[in-house]
Amino acid sequence: MKRLAYYLRLWMGYQRMGVVEMTQYPADTVILVISLILREAAGFIGVLAIAYAAGGLGGWDVYEICLMFSMCALIESLSQTFFDNVWGISHLVHEGRLDVLLVRPAPLFLQVLGDVTHYPALISMVIYGGVMVYAMAHVGIGLSAGLLLFLAEYLICGIVVNTGIYTIFNCLNFWIIQGEDVAVLVQTCREFAKYPIGAFPGVIRTIFTYVLPFGFVAYYPAAYLTGKAGNWVLAGLPLSAAAVFAVAAVFWQMGSRTYDSTGT
């Protein structure tokens with residue numbers, strides 16, 4: 001318990017540093033907020049344009065698509081706020097900055113995650129939280145204790161899947177020079193998760209269900225809420241999260257153990 005309390009205090013200390021950094025450079029914070037809003041709005045408008053033009057997409061109407069897109073964006077904003085520094089693994093490895101973290105008396109991965117926070121990304125969370133509530137009202141999803149429990153499960157498992165997949169591919173930087181390029185390619189593929197993957201060919205559905213399970217970030221949870229998927233989603237979410245977490249842990253352990261600094 002003492003060790004856990006220490007880790008919690010350390011994590012809260014990192015969060016305070018993130019808040020200080022955000023308030024220290026207010027202009028940068030405002031620019032980042034605006035860029036995040038514009039980026040998400042552009043993607044959202046694109047999906048809606050396709051849905052309106054086609055009268056729906058893959059059997060999903062406009063409000064159902066809004067629900068799925070907002071659920072996907074919520075996971076992305078939370079992951080970007082607290083766990084985005086998995087994308088910093090390449091710089092930590094290639095610049096030898098991981099050496100500094102290795103000599104500190106704290107878990108290495110906790111230090112990597114806490115080193116960078118993006119609190120402005122929470123603006124996107126607030127916006128898309130509102131979009132999700134609006135879409136749920138039009139789809140006919142009422143507030144209940146079961147709904148709140150499912151949303152908690154979806155948020156936790158979705159963040160684990162999202163962050164875990166990025167961790168796996170960013171760990172390639174321990175072995176290859178441009179490992180982040182592979183991670184960026186995977187991030188680009190994640191854009192499929194903003195659409196009903198049931199509308200894509202079977203091979204793509206298989207990839208985003210079993211290989212890169214981004215389907216559990218938004219598509220399957222939204223399908224469950226709208227009655228398009230059964231109760232198996234309740235078990236599929238933690239199973240996919242556990243599988244991704246296990247693979248990410250193995251990649252991280254293997255990579256961090258083979259790390260031998262820059263050699264300079």
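The values are calculated or read from the model by the stated rules, or taken from the named source; none is laboratory data. This one's a predicted model, so the numbers in the text were calculated from it and none came from an experiment. Quick reminder, even Gly has a Cβ in these numbers, built from the backbone with ideal geometry, and neighbours come from all protein chains shown. Just the protein is used for accessible areas: all its heavy atoms, side chains included, with ligands, DNA and RNA removed. Shrake-Rupley method; radii C 1.70, N 1.55, O 1.52, S 1.80 Å.
Numbers for the structure displayed
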quantity	calculated
Single unsatisfied condition, TYR259 versus (1) under 22 Å from the mean Cα position of the chain (by Cα); (2) open to solvent by 20 Å² or more (accessible area, probe 1.4 Å); (3) among the aromatic types (Phe, Trp, Tyr)	(1)
Which numbered condition TYR195 fails, given (1) among the aromatic types (Phe, Trp, Tyr); (2) within 21 Å of PHE169 (Cβ to Cβ); (3) in contact (Cβ under 8 Å) with a residue 12 or more places away in the chain	(2)
Count of residues meeting criterion [open to solvent by less than 100 Å² (accessible area, probe 1.4 Å), in contact (Cβ under 8 Å) with a residue 60 or more places away in the chain and either touching a Lys or Arg at 6+ places or on another chain (Cβ under 7 Å) or aliphatic (A, V, I, L, M) (or both)] in the stretch 1-31	3
One residue from ILE50, ILE37, ILE45 being open to solvent by 20 Å² or more (accessible area, probe 1.4 Å), modelled with pLDDT under 85 and in contact with a strand residue (DSSP E or B) (Cβ under 7 Å, 6 or more places away or on another chain)	ILE50
Test set (1) out of contact with any Asp or Glu (no Cβ under 8 Å at 6 or more places or on another chain); (2) modelled with pLDDT of 90 or more; (3) open to solvent by less than 50 Å² (accessible area, probe 1.4 Å) - LEU237 fails condition number	(1)
In the stretch 149-205, residue modelled with the highest pLDDT [restricted to those that are among the charged types (D, E, K, R) and open to solvent by 50 Å² or more (accessible area, probe 1.4 Å)]	ARG205
Set VAL217, VAL244: member being farther than 14 Å from LEU151 by Cα, open to solvent by less than 30 Å² (accessible area, probe 1.4 Å) and among the hydrophobic types (A, V, I, L, M, F, W, C)	VAL244
Where VAL112 falls short, out of the listed (1) in contact (Cβ under 8 Å) with a residue 40 or more places away in the chain; (2) surrounded by 17 or more Cβ atoms within 10 Å (Cβ to Cβ)	(1)
Which numbered condition VAL250 misses (of (1) of a type outside the set (Gly, Ala, Ser); (2) within 30 Å of GLY96 (Cβ to Cβ); (3) surrounded by 13 or more Cβ atoms within 10 Å (Cβ to Cβ))	(3)
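To keep it simple, each residue is scored yes or no on (1) open to solvent by less than 20 Å² (accessible area, probe 1.4 Å); (2) without any contact (Cβ under 8 Å) to a residue 12 or more places away in the chain; (3) β-branched (Val, Ile, Thr).
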position	(1), (2), (3)
TRP60	yes, no, no
MET71	yes, no, no
ILE75	yes, no, yes
LEU78	no, no, no
PHE82	no, no, no
VAL100	no, yes, yes
ARG104	no, yes, no
MET125	no, no, no
LEU143	no, yes, no
